[in-house]
Amino acid sequence: MEITRQKTVLNTALLRKHSWNVCHAIMVGSSDLLDLAVADSLDYDLLAAEIMSYVDTDKDRLLFEPLMQLTDSKTIREYLDSDHEHRFHDGALMSLAETLDKLREYGNNLYRGLSGQLTPFFCNEKAEALLQRAVDAGLLTEDFMPAKGTERFQLKLIATAFNAIMGYGVRDKWCHFQELWRSDFHRCIIPLTKGKAIYEIALLYPEANLWTLIMPKTRQSKLKTDLSEKQATKLFLQLRRLGFIEKHTRVENFLSILDLSDYPYSPINWTSDGKNSLVYLVMTLFRPLNPNIHKKVCDCFTYNGHPLNYGTLKAQGSYVMRHKEKFDFVVVLDEIIALAKNEQ
């Protein structure tokens, strides 16, 4: 059967209505509606093939722009990943999700080919100006794609700041950036130990107040200290030089957990061979002024990139302080503390 323009338009409309019915049934949690929607028994692969086959010969925006507006497959994929009863629908739903993704990407690629780099969502002066900041910083290429070396968490920070400035809600949070960058960046966790990288992007988008958007909502503790800023700096430099603290950490980051700097707060990553050295340092240097020392340490430090456990830390603290003679690091840390306190 010949594929005509009219049939292509009808196929797109049919797929749009069908996918909307499926997603609606999932969102309202109705198995009856889902049964009814899936019962249409559409051949998704054939629909997609017919649509793309015709549009390849007639690249009219009126044909491919509706493909860019097809239902997002996220609702379907989340349903498939959940613990649901109607497993006999999974094959059809997965095929539908893949078809929607394929046609949306196909439409986006055609749009880019005609209009330049950006999909319609970003084609306005304010949006392009915000993305251009990341281009100028070397995080994105001239066609607004991730530059070589840009990490996924940096893309997530850019998207977070962009959405905040533009005032977009949850519905538009990640999907348009996924289409633009073809990356699952939104699934990554922003490592708060990467203070320098976060700070640089925060400077690109000062109106977003990026740190408040990514920091945990619970209030973070800071360690009270009687060290001066100069003494704390000396302490930090010695700890970093000897490998106790991650080598790329900025001194401002360390001073911020001691409330001696306005640098954005983020935990310090302790990179020594064991947690016991961290326990000894904080118990010796900070315990007198911090009654809730174990909680504060959990807030202020990570260990080799992982969160600290309050119970484990408390038990280790008691053991280390009762058996200091067993640990070689005690002499080293005592010397570092003494050097810092002697700094004038």
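The values are calculated or read from the model by the stated rules, or taken from the named source; none is laboratory data. Everything quoted here is computed from the prediction, not taken from an experiment. All Cβ positions, even for glycine, are placed from backbone atoms using ideal geometry, and neighbour counts span all protein chains on display. To get the accessible areas, we keep the full protein, side chains included, count just its heavy atoms, and leave off ligands, DNA and RNA. Shrake-Rupley method; radii C 1.70, N 1.55, O 1.52, S 1.80 Å.
Consider the stretch 205-240 and keep the residues that are at pLDDT below 90 and part of a helix (DSSP H, G or I). The one that is nearest to H306 (Cα to Cα) is I214. Test Y265 against the criterion of being in contact with a helix residue (DSSP H, G or I) (Cβ under 6 Å, 6 or more places away or on another chain), within 19 Å of K224 (Cα to Cα) and open to solvent by 20 Å² or more (accessible area, probe 1.4 Å), and give yes or no. The answer is yes for Y265. Taking the stretch 241-254 only, how many residues are in a loop (DSSP other than H, G, I, E, B) and surrounded by fewer than 20 Cβ atoms within 10 Å (Cβ to Cβ)? Final tally of qualifying residues: 6. For L36, state whether it is under 33 Å from the mean Cα position of the chain (by Cα) and either open to solvent by 30 Å² or more (accessible area, probe 1.4 Å) or under 27 Å from H176 (Cβ atoms) (or both). No; evaluated as a whole, the condition is false for this residue. Being open to solvent by 40 Å² or more (accessible area, probe 1.4 Å), over 22 Å from P206 (Cβ atoms) and part of a loop (DSSP other than H, G, I, E, B) is the filter here, so list the residues in the stretch 117-144 that pass it. Once the filter is applied, which keeps residues that are open to solvent by 40 Å² or more (accessible area, probe 1.4 Å), over 22 Å from P206 (Cβ atoms) and part of a loop (DSSP other than H, G, I, E, B), the stretch 117-144 yields Q117, C123, T141, E142, D143. With respect to the stated conditions, T284 fails to be touching a strand residue (DSSP E or B) at 6+ places or on another chain (Cβ under 6 Å) and within 18 Å of A315 (Cα to Cα). Please verify whether D83 is surrounded by fewer than 12 Cβ atoms within 10 Å (Cβ to Cβ) and under 13 Å from G107 (Cα atoms), treating the condition exactly as stated. Taking the combined requirement at face value, the residue does not satisfy it.
Checking each residue in the stretch 88-104 for being among the hydroxyl-bearing types (S, T, Y) and surrounded by fewer than 20 Cβ atoms within 10 Å (Cβ to Cβ) picks out only S95. Of the residues making up the stretch 295-332, those that are among the small types (G, A, S) and out of contact with any Pro (no Cβ under 9 Å at 6 or more places or on another chain) are G311, A315, G317, S318.
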